[in-house]
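One structure is given here, and the rest of the page talks about it.
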Amino acid sequence: MRNTAPSFVQAVSLIVVSLLSPATVLAKPTLSGELVYAKQCTKCHGEKGQGVESEYDQPLIGDWPIEKLARVITRTMPEDDPKKCVDDDALLVAKYIFNAFYSPEAQARNNPPRIELTRLTNRQFLHSVSDLIGSFTGNSSFVKKGGIQAEYYNNRGIGRNKQTVNRIDSTIDFDYGFETPFPDNPNFKTEEFSIRWKGSIHAEETGDYRFIVTSKNGVRLWVNNMDMKLIEGWVSSGQSRELSGIVRLIGGRAYPIQLEYFKYKSKSASVKLEWHPPHGARQLLPARNLSPDSTSSTFVLQQPFPPDDSSIGYERGSTVSKKWDEASTYAAIETANWVVDHLNKLAGISANAPGQLIKAQQFGRRFVERAFRRPLTVEEEQLFVRSRFAEGKPVADSIKEVVLTALKSPRFLYPDLGQADQYAVATRLALGLWDSLPDEDLGQAAAAGRLRTAVQIRQQALRMIADPRTRAKIRNVMHHWLGLKHAEEIAKDTEIFPEYDKSLEADLRTSLNIFLDEIVWQNAGADFRTLFIANHLPMNKRLAKLYGARHHDMPLGFSKVSFKGHKRAGLFTHPYLLTLYSYHNGTSPIHRGVFVTRSLLGRSLKPPPEAVVFKDEEFSSDLTMREKITQITKADACMTCHGIINPLGFSLEQFDSIGRQRHTEKGKPILTASDYLTADGTPMHISGPSDLARHAMESRSAHEGFVEMLFNQVAKQSIRAYGSLVLNRLYDDFAKARFNIQFLLAEIAVIAALQGLELPKQAGEE
């Protein structure tokens, strides 16, 4: 018989071959990289790249490709002997670091994010309470805009006779001198006349608004609260005087406004209505914020809250501190007192009227149901409503208890508590798109079982997107994305920039807001990438003159101004952002570069190991800003990040500290060109903002960064907690929809609303 057993030599050969098999060869570098890391890196970076206190306490995480990691390791690691880990060893350890804990995929694998139980954010609390009260009083609306209704009377007694003229005024800024509003109208006499302006105003941002009336005559003003005058000056003095009052308003809402004016025996007549909005400057109340249509008053909480946690890029209700608990308690008390003061309007309850107890209980049940965002069980109704109405107890006290217990209940404060059903879907949709409660349509859809499928939920999301509250939400989201929360810190050296003042700053902010609104809400939604490449800006005459655009034949207010060639590139070159990310006396390529990297290109940056204050006086006076930045960031340890930051910031150096185009600095030509390494490791040459715009247009990293940002802001949770495939899926759908922002918003709302819910299917459903 033939012996088929392998010889000793054959056996050895087989072993050698197996050791050199592809699987073995591929496994060896990983092991070798791990060994190199363990030997040379753990002392400073920890076993899993978590950092080591007193050595390098920042975790090793980021988005650099393996090749760049290897180059950085070759040049700089280990710090005490940079030549100790180079070439193949550097590449091996880079691969190990990247796959083990550095890359976003590795981070998600090692520390999988989870959907956390969170309370209402401050914004959600404010909006929810406002809309809760509004569900009984009628929610505000703002349909027609462009001015305010004006009623002109030919005597000083407003309403005592039929007005002689009725028209719409775009603004309120009149100096009649010694004449009447209508010199050619014989019904008006110079010694006396009166005017009533009434309609509604639209608040674009949440905050305190100061209203100012300037007049020589009698005036009084109501804003939102029509039972109490904001300004009272019902005396015709003949001397010009300025009266003001402050009121808190919620962005995205409309509020009733009424200004009354009279002249009697004074020599001259004049009246002007201005406001000072949050983040703005004193100005005439613009026509775009005025409507001739009246609307309902809105309850707005005055109670301040401590800031929410926004350390990871979006506001979260992740903690409950003693201060927050106290603030929510005082807010509940403030609401309860307001409800009791307006019981007749809210519930049709008047003192000593028959049936008031029944009406009070009915109102209490409806109030708690709307606060809890779902019908009450028998037990809940007994606990939160019926038990509060004891025999002989004043109805007002009972209602106070109902309101207080509802608004302090976890069922209100923690919206995701409770049963996972279609009411939970409605709640998530409302919080995601409105930061508020479900409206009547959502509640009815949930009750009827019409929030069961993604198709049904998407229909509701698309309806809700058209609501002004969604516009206000997205305005706030965009401000977070662009870092406008730091805008309070803008200051410029007036000797260098005499043109700059708070009025100019307000115009620039308005221009940016209009630009964002145009892109997001244009028809059914424009291409997101237009934000990067648009060569136009909304401008008024003042801005057009300052920024070198044609302005002589411009209409009043803001209008679209196009720039020839490649002078402007969307958000990259908007003057407000260029101004915000600059020093008070010069540009800042670092601040601009960091902003572009993180916000517009969606790349991550680690915080610097040591903060360095830029001191302009320490440099030679003949150096350009680029030369200064190059000098202070030239060290290898700095260039690991500044190799990304600097080229982006340098590309915008042709714009000065207030966003005007320039060609020289210190008598030298502006140099904007640099070499840059993209997120996927591709080298590219950047010569200016147009190259940045083209790169952003094509960059998957930039697009995914926006998708992730929008998801986090809508859901108030990390997108990675929803599964490893969600980001890729949303990106693919976003791209197929030609990067339509409204489409993306609806898809995010659907995913967030359905997460973790296994809704029972009805007969016939797939």
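The values are calculated or read from the model by the stated rules, or taken from the named source; none is laboratory data. Everything numeric here is computed off the predicted structure, so don't read it as measured data. Positions of Cβ are backbone-derived with ideal geometry, glycine not excepted, and every protein chain shown enters the neighbour counts.
Worth pointing out:
- Any hit, segment 351-373, residues being assigned to a loop (DSSP other than H, G, I, E, B), modelled with pLDDT of 95 or more and either in contact with a Ser or Thr (Cβ under 8 Å, 6 or more places away or on another chain) or outside the structural domain of F412 (by TED's automatic domain parsing) (or both): yes
- I172 out of contact with any helix residue (DSSP H, G or I) (no Cβ under 9 Å at 6 or more places or on another chain), surrounded by fewer than 19 Cβ atoms within 10 Å (Cβ to Cβ) and not assigned by TED's automatic domain parsing to the domain that holds V340: no
- Pick from segment 106-119, criterion touching a residue at least 40 places away in the same chain (Cβ under 8 Å) and outside any loop (DSSP other than H, G, I, E, B), ranking: surrounded by the fewest Cβ atoms within 10 Å (Cβ to Cβ): N110
- Verdict on F136 being of a type outside the set (K, R) and either surrounded by 21 or more Cβ atoms within 10 Å (Cβ to Cβ) or in a loop (DSSP other than H, G, I, E, B) (or both): no
- Filtering segment 60-82 for residues that are free of Cβ contacts under 8 Å to residues at least 12 places away in the same chain, in a helix (DSSP H, G or I) and farther than 17 Å from C638 by Cα leaves an empty set.
- Residue pairs whose Cβ atoms lie under 6 Å apart, separated by 6 or more positions or on different chains, with the first residue in segment 702-720 and within 16 Å of L117 (Cα to Cα) and the second surrounded by fewer than 23 Cβ atoms within 10 Å (Cβ to Cβ) and basic (K, R), are K716/R316.
- Per this entry, K345 is not counted among residues that are without any contact (Cβ under 8 Å) to a residue 24 or more places away in the chain and assigned to a helix (DSSP H, G or I).
- The residue that is surrounded by the fewest Cβ atoms within 10 Å (Cβ to Cβ), counting only those in segment 120-133 that are in contact with an Asp or Glu (Cβ under 7 Å, 6 or more places away or on another chain) and assigned to a helix (DSSP H, G or I), is R123.
- Note on segment 634-654: among residues that are crowded, with 19+ Cβ neighbours inside 10 Å and assigned to a loop (DSSP other than H, G, I, E, B), the one that is nearest to the chain's Cα centre (by Cα) is L652.
- Of everything in segment 374-390 that is of a type outside the set (D, E, K, R) and under 21 Å from G449 (Cβ atoms), the residue that is surrounded by the most Cβ atoms within 10 Å (Cβ to Cβ) is L376.
- Every listed requirement among (1) of a type in the set (F, W, Y); (2) modelled with pLDDT of 95 or more; (3) surrounded by fewer than 19 Cβ atoms within 10 Å (Cβ to Cβ) is met by Y576 save one, (3).
- Flag for D81 being surrounded by fewer than 20 Cβ atoms within 10 Å (Cβ to Cβ), over 17 Å from K606 (Cα atoms) and not small (G, A, S): yes
- Entry remark, segment 202-251: residues being of a type in the set (K, R) and in contact with an Asp or Glu (Cβ under 6 Å, 6 or more places away or on another chain) number 2 in total.
- Top-ranked residue in segment 457-503 [being among the polar types (S, T, N, Q) and farther than 15 Å from A749 by Cα; ranked as surrounded by the fewest Cβ atoms within 10 Å (Cβ to Cβ)]: T494
- Taking the listed residues L516, L578, the one that is in contact with a strand residue (DSSP E or B) (Cβ under 8 Å, 6 or more places away or on another chain) and under 29 Å from Y676 (Cβ atoms) is L578, with no other qualifying.
- Residue that is farthest from the chain's Cα centre (by Cα), among those in segment 408-455 that are under 25 Å from A360 (Cβ atoms) and surrounded by 24 or more Cβ atoms within 10 Å (Cβ to Cβ): F412
- Selection within segment 525-543 - farther than 14 Å from A693 by Cβ, surrounded by fewer than 19 Cβ atoms within 10 Å (Cβ to Cβ) and not basic (K, R): N540
- Single match in A506, A461, A491, A472 (criterion: among the small types (G, A, S), out of contact with any Cys (no Cβ under 9 Å at 6 or more places or on another chain) and either at positive phi or in a loop (DSSP other than H, G, I, E, B) (or both)): A491
- Counting residues in segment 419-435 that are more than 22 Å from H127 (Cβ to Cβ), among the aliphatic types (A, V, I, L, M) and not in a loop (DSSP other than H, G, I, E, B) gives zero.
- Qualifying residue in segment 388-401 (condition: over 26 Å from I349 (Cα atoms) and among the basic types (K, R)): no
- Checking each residue in segment 558-572 for being more than 12 Å from F515 (Cα to Cα) and surrounded by 17 or more Cβ atoms within 10 Å (Cβ to Cβ) picks out F563, K567, R568, A569, F572.
- Residue list for segment 551-608, filter: in a loop (DSSP other than H, G, I, E, B) and of a type in the set (S, T, Y): Y581, S582, Y583, T587, S588, S604
- Residue satisfying all of: in segment 398-418; of a type in the set (K, R) and part of a helix (DSSP H, G or I); nearest to R471 (Cα to Cα) among these: R411
- Residue that is modelled with the lowest pLDDT, among those in segment 681-720 that are β-branched (V, I, T) and closer than 30 Å to S436 by Cα: I719
- Of all residues in segment 650-665, those that are farther than 10 Å from L578 by Cβ and touching a residue at least 60 places away in the same chain (Cβ under 8 Å) have Cβ atoms under 8 Å from Cβ atoms of residues that are in a strand (DSSP E or B) and acidic (D, E), 6 or more apart or on another chain, in E653/E665.
- Those residues of segment 655-673 which are within 22 Å of S620 (Cβ to Cβ) and more than 27 Å from the chain's Cα centre (by Cα), in sequence order: R662, H663, T664, E665, K666, G667, K668, P669, I670, L671, T672
- Pairs where the first residue, in segment 266-279, is in the same structural domain as E191 (by TED's automatic domain parsing) and the second is among the hydroxyl-bearing types (S, T, Y) and not in a strand (DSSP E or B), C-beta under 8 Å, 6+ apart: S266/S236; S266/S237; A269/T180; S270/S240; L273/T171; P278/T206
- When the test is whether a residue is surrounded by fewer than 13 Cβ atoms within 10 Å (Cβ to Cβ), without any contact (Cβ under 8 Å) to a residue 24 or more places away in the chain and either over 30 Å from G432 (Cβ atoms) or not polar (S, T, N, Q) (or both), K393 passes it.
- Strands (runs of 3 or more DSSP E) wholly inside segment 141-217 that include at least 3 residues being free of Cβ contacts under 8 Å to residues at least 24 places away in the same chain and over 30 Å from A466 (Cβ atoms): 165-169
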